[in-house]
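Written below as structure tokens is the structure these notes are about.
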Amino acid sequence: MKLNFPIKLNRRAHPDAALVTAKEIAPHFELGSRGEALALEHLERAGYRMVAANFSLPIGRNTRDVIVTAEIDIVAYDGPTLCFIEVKTRASDEFAPPQVNVDWRKRRQIARAARGYRRMLGLMNAAYRYDVVTVVLPAETNEGSRVDLLKNFWTDEKLRKRNWYDNRWY
């Protein structure tokens, strides 16, 4: 599929290149960008008001003391509720549905970035939730594609770390 618009790249990945043509994009990145475009259309039809796309924020450091950044694919409002939305696109759901790849680690990263977003904009007391949009694009065209919105896919309470001393066996 040939895209007619330039795509901005992450400056950390390509410090010399501001724009890249569609020919130079790997196929899985192209699939992901097509999926995000379909997800945005689907959310707008569902009544969501878009606030930001591909919002990234440093969330801490890893064990090697390297800064870890997390990205939220879409930030939008569904009525008064602020939604942090992860988009998962696959060419097929034959092996497993796309939402399976939103694992515990990914959920924690998104939750930490969402907390930073809310703190930055003074929205700590606002209602929020985490949604997932799954997109299955079987061919190079968008025909036969399936977009599903999974509202309230997880909550912050499910991400809390349990301390070992909480489970006493004596």
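Points to keep in mind about this one:
- Restricting attention to the stretch 48-85, the residues that are at pLDDT 95 or above and hydroxyl-bearing (S, T, Y) add up to 3.
- Residue within the stretch 83-101 that is among the aromatic types (F, W, Y), touching a Leu at 6+ places or on another chain (Cβ under 9 Å) and farther than 16 Å from A37 by Cβ present: no
- Residue within the stretch 107-117 that is hydrophobic (A, V, I, L, M, F, W, C) and farther than 29 Å from R160 by Cβ present: no
- Of all residues in the stretch 65-90 being of a type outside the set (V, I, T) and assigned to a loop (DSSP other than H, G, I, E, B), the one that is farthest from the chain's Cα centre (by Cα): D65
- Lone qualifier among A126, A91 - being over 19 Å from G60 (Cα atoms) and in contact (Cβ under 8 Å) with a residue 60 or more places away in the chain: A91
- Residue in the stretch 97-110 that is surrounded by 17 or more Cβ atoms within 10 Å (Cβ to Cβ), assigned to a helix (DSSP H, G or I), among the aliphatic types (A, V, I, L, M) and at pLDDT 90 or above present: yes
- Some residue of the stretch 58-78 being in contact (Cβ under 8 Å) with a residue 24 or more places away in the chain, surrounded by fewer than 13 Cβ atoms within 10 Å (Cβ to Cβ) and either out of contact with any strand residue (DSSP E or B) (no Cβ under 9 Å at 6 or more places or on another chain) or among the hydroxyl-bearing types (S, T, Y) (or both): no
- Residue check, K88 within 14 Å of W154 (Cβ to Cβ), surrounded by fewer than 19 Cβ atoms within 10 Å (Cβ to Cβ) and either at pLDDT 90 or above or in contact with a helix residue (DSSP H, G or I) (Cβ under 8 Å, 6 or more places away or on another chain) (or both): no
Yes/no per residue for (1) at pLDDT below 90; (2) part of a helix (DSSP H, G or I):
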site	(1), (2)
S92	yes, no
T134	no, no
E143	yes, no
L150	no, no
Y165	yes, yes
Y170	yes, no
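- Scanning the stretch 22-40 for residues that are out of contact with any Leu (no Cβ under 7 Å at 6 or more places or on another chain) and without any contact (Cβ under 8 Å) to a residue 40 or more places away in the chain yields K23, E24, I25, A26, P27, H28, F29, E30, S33, A37, L40.
- Matching residues in the stretch 124-141 - criterion: being surrounded by 12 or more Cβ atoms within 10 Å (Cβ to Cβ) and hydroxyl-bearing (S, T, Y): Y128, Y130, T134
- Top-ranked residue of the stretch 113-123 - restricted to ones that are free of Cβ contacts under 8 Å to residues at least 12 places away in the same chain and in a loop (DSSP other than H, G, I, E, B), ranked as surrounded by the fewest Cβ atoms within 10 Å (Cβ to Cβ): G122
The values are calculated or read from the model by the stated rules, or taken from the named source; none is laboratory data. Computed from a predicted model, the values in this text were never measured in an experiment. Note: ideal-geometry Cβ built from the backbone for every residue, glycine included; neighbour counts use all protein chains shown.
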